[in-house]
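Enquirer: Structure provided below as structure tokens; questions to follow.
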Amino acid sequence: MSDSGKYHLPAGTAADGPYDLLVTPESAGWGYSGLRILTLGPGQSHALSTRDSEFLVLPLAGSCTVTTDGGTFELAGRTGVFDSATDFAYLPRQAAAVISSASGGRFALPSARTERGGHPARHGRKEDVPVELRGAGACSRQVNNYCLPGTFDAEQLLVCEVLTPGGNWSSYPPHKHDESRTDADGTPVESQLEEIYYFEVSGQSGFGYQRVYGTPDRPIDVLAEVCSGDTVLIPHGWHGPSVAAPGYDLYYLNVMAGPGQDRAWLICDDPAHGWVRGTWDAQDVDDRLPFGEDR
């Protein structure tokens with residue numbers, strides 16, 4: 001029986017108050033990961049209390065000012081998710097912030113519940129965001145690595161975004177990160193992370209597809225057609241591919257967090273499909289990448 005109705009949230013179905021999307025650990029039925037999508041009109045502002053979670057303020061379209069006890073951060077933002085990476089702000093737990101936008105915009109607020117609070121509020125510069133071209137051929141995609149181990153310090157929050165040209169597959173080979181595992185030598189090989197995928201698609205009629213499937217011990221079955229504003233929750237299981245329909249570029253924001261105190265992002269490929277990685281050496285990266293204003 002399909003779980004798509006439980007884990008696929010079509011645009012608008014998880015709206016609440018000022019948020020176009022509100023996913024909390026409670027609403028998702030898990031312990032750590034959250035995401036809010038906030039739209040502000042010209043001159044509008046929004047007060048955010050982080051409480052028991054750390055947050056990013058990440059512009060999807062438009063610019064904003066983030067004011068906290070730790071300082072004021074002017075986020076130049078971007079015109080849209082396919083135009084460039086963006087600068088962002090980090091907010092620790094137990095912080096109060098006001099997000100204001102003179103010209104209006106749309107802002108992602110990914111979050112992770114944490115008991116720690118050692119990192120201060122600060123500005124993440126666009127110029128410091130590692131932009132990676134991953135895969136090759138029809139598996140070519142771009143990854144903007146905002147808040148991952150080795151790119152930006154946080155307590156438990158991991159955030160990146162993936163841009164896939166029309167007709168290509170990403171999140172492929174299918175992979176999972178739903179248990180903490182080590183190999184025979186004690187080296188960690190997989191970390192336990194809940195994940196949220198938030199999608200936007202180019203073009204008014206754009207669409208893509210997202211697959212999630214489980215193991216015999218932990219079944220899950222999601223095959224969802226996704227459009228702009230849709231969200232897919234991944235509590236466990238193999239996830240991928242994320243398929244961009246020909247003619248429509250696909251964007252998704254990944255938000256991850258879990259119980260591990262070392263903030264690791266370690267994945268395990270589905271053994272049935274992991275061999276695909278070995279074919280990329282003989283293929284070129286899609287020449288439509290990277291995305292950008294001059295593309």
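The values are calculated or read from the model by the stated rules, or taken from the named source; none is laboratory data. None of these values were measured; they are calculated from a predicted model. Glycine gets a Cβ as well: all are built from the backbone with ideal geometry, and neighbour counts include every protein chain shown. Accessible surface is based on the protein model in full, side chains and every heavy atom, while ligands, DNA and RNA are left aside. Shrake-Rupley method; radii C 1.70, N 1.55, O 1.52, S 1.80 Å.
Enquirer: With every protein chain left in place, what is the accessible area per residue of the chain in square angstrom, probe 1.4 Å?
Expert: Values: 12440 Å² over 295 residues.
Normalised by residue count, the accessible surface of the chain is 42 Å².
Enquirer: With a 1.4 Å probe and all protein chains left in place, how much of the accessible area of segment 67-113 comes from carbon and sulfur atoms, in whole percent?
Expert: Numbers: 850 of 1660 Å².
Answer for segment 67-113: carbon and sulfur cover 51 percent of the accessible area.
Enquirer: Moving to a separate point now. Once you list every other residue whose beta carbon is under 11 Å from the beta carbon of residue 257, what net charge do they have if Lys and Arg are +1 and Asp and Glu are -1?
Expert: Values: positive: 113, 263; negative: 54, 155, 194, 195.
Charge balance in the 11 Å sphere: -2.
Enquirer: Hey, another quick one. For segment 246-295, which whole-number percentage of the solvent-accessible area (1.4 Å probe, protein heavy atoms only) is attributable to carbon and sulfur atoms?
Expert: Working: 1510 of 2910 Å².
The computed percentage sits at 52.
Enquirer: Please give the calculated 222 nm ellipticity per residue for the chain, where each DSSP H segment of at least 4 residues contributes -39500 (n - 2.57) and the sum is spread over every residue; nearest 500 deg cm²/dmol? Don't jump to the answer; show the numbers that get you there.
Expert: Working: 2 runs with 8 residues, N = 295.
Taken over the chain, the calculation gives -500 deg cm²/dmol.
Enquirer: Shape call for segment 1-55 from the C-alpha gyration tensor, a ≥ b ≥ c root eigenvalues: rounded (a/c under 1.5), prolate (a/b greater than b/c) or oblate? Write out the running numbers ahead of the final one.
Expert: Values: a/c = 3.75, a/b = 1.46, b/c = 2.56.
Verdict is oblate for segment 1-55.
Enquirer: Express in Å², to the nearest 10, the accessible area of residue 231 obtained by rolling a 1.4 Å probe over the protein heavy atoms while all chains stay in place.
Expert: Its heavy atoms expose roughly 0 Å² to the probe.
Enquirer: Related question: Between 120, 173, 188, find the one with the highest GNM mean-square fluctuation for the chain; connect C-alpha pairs within less than 10 Å.
Expert: Most flexible of the set in this elastic network: 188.
Enquirer: Select from 98, 276, 129 the residue whose mean-square fluctuation is largest in a Gaussian network model of the chain (Cα-Cα springs shorter than 10 Å).
Expert: Result for the chain, Cα springs under 10 Å: 276 fluctuates most.
Enquirer: Counting only the heavy atoms of the protein chains, how much of residue 126 is accessible to a 1.4 Å probe, in Å² to the nearest 10?
Expert: Surface accessible to solvent at residue 126 totals approximately 90 Å².
Enquirer: Let me ask another. What is the distance, in nm, between label points placed 7 Å from the Cα along the Cα-to-Cβ direction at residue 275 and at residue 47?
Expert: Distance between the two pseudo-spin positions: 6.0 nm.
Enquirer: I need the peptides 104-112, 33-41 ranked by packing, meaning the mean over residues of other C-beta atoms within 10 angstrom, with the highest value on top.
Expert: 104-112, 33-41
Enquirer: On a 1.4 Å probe surface of the protein chains, which of 177, 8 comes out largest in accessible area, and what is the full order?
Expert: Ranked list, largest accessible area first: 8, 177.
Enquirer: Say we join alpha carbon atoms closer than 10 Å with springs in a Gaussian network model of the chain; which of 29, 186, 274 then has the biggest fluctuation?
Expert: Of 29, 186, 274, the most mobile in the Gaussian network model is 186.
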